[in-house]
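The values are calculated or read from the model by the stated rules, or taken from the named source; none is laboratory data. Because the structure is predicted, anything quoted here is derived from the model rather than measured. Neighbour counts are summed over all protein chains in view; Cβ atoms, including those assigned to glycine, are modelled from backbone coordinates with ideal geometry. The area values use the complete protein model at the heavy-atom level, side chains included, leaving out ligands, DNA and RNA. Shrake-Rupley method; radii C 1.70, N 1.55, O 1.52, S 1.80 Å.
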Amino acid sequence: MAQRGAQLDPRKLSCSICLDLLKDPVTVPCGHSYCSRCIQRHWEEDVSGFYSCPQCRKRFLVRPDLTKNILLAELVEDLKNTELQRLSTWTKG
Ligand SMILES: [Zn+2]
Ligand SMILES: [Zn+2]
């Protein structure tokens, strides 16, 4: 059973490139996740000739297919919702 309302750790749901919450999260083959735009821009700017993961530096010779990570996207939404609720209780209080 998924625990509703379990504490979500924003750090686990943030992109190590823009340091913000994941936007359109995609997962690269090493298992790390980034915003789809961030990782694509990273690879466009990467002059090494490899497609590397900014976190673990794993290199991919061919540009990996980026598939949206739906689970992560949902977690980010959950986190945003709980943040919003928290903020609205603050303003009320
Ligand atoms: Zn990002
Ligand atoms: Zn990685």
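Taken about its Cα centre, segment 10-92 carries a charge dipole of about 200 debye when Lys and Arg each add +1 at the Cβ and Asp and Glu each add -1 at the Cβ. With the whole protein complex present, Val62 retains an accessible surface near 110 Å², based on a 1.4 Å probe. Multiplying each eigenvalue of the alpha-carbon gyration tensor of the chain by 5 and taking the square root yields semi-axes of 31, 14, 10 Å, largest first, rounded to whole angstroms. Note on Leu87: accessible area approximately 80 square angstrom, rounded to 10, probe 1.4 Å, nucleic acids and ligands left out. For the chain, the relative contact order works out to 27 percent when only alpha carbon pairs closer than 8 Å and six or more residues apart are counted.
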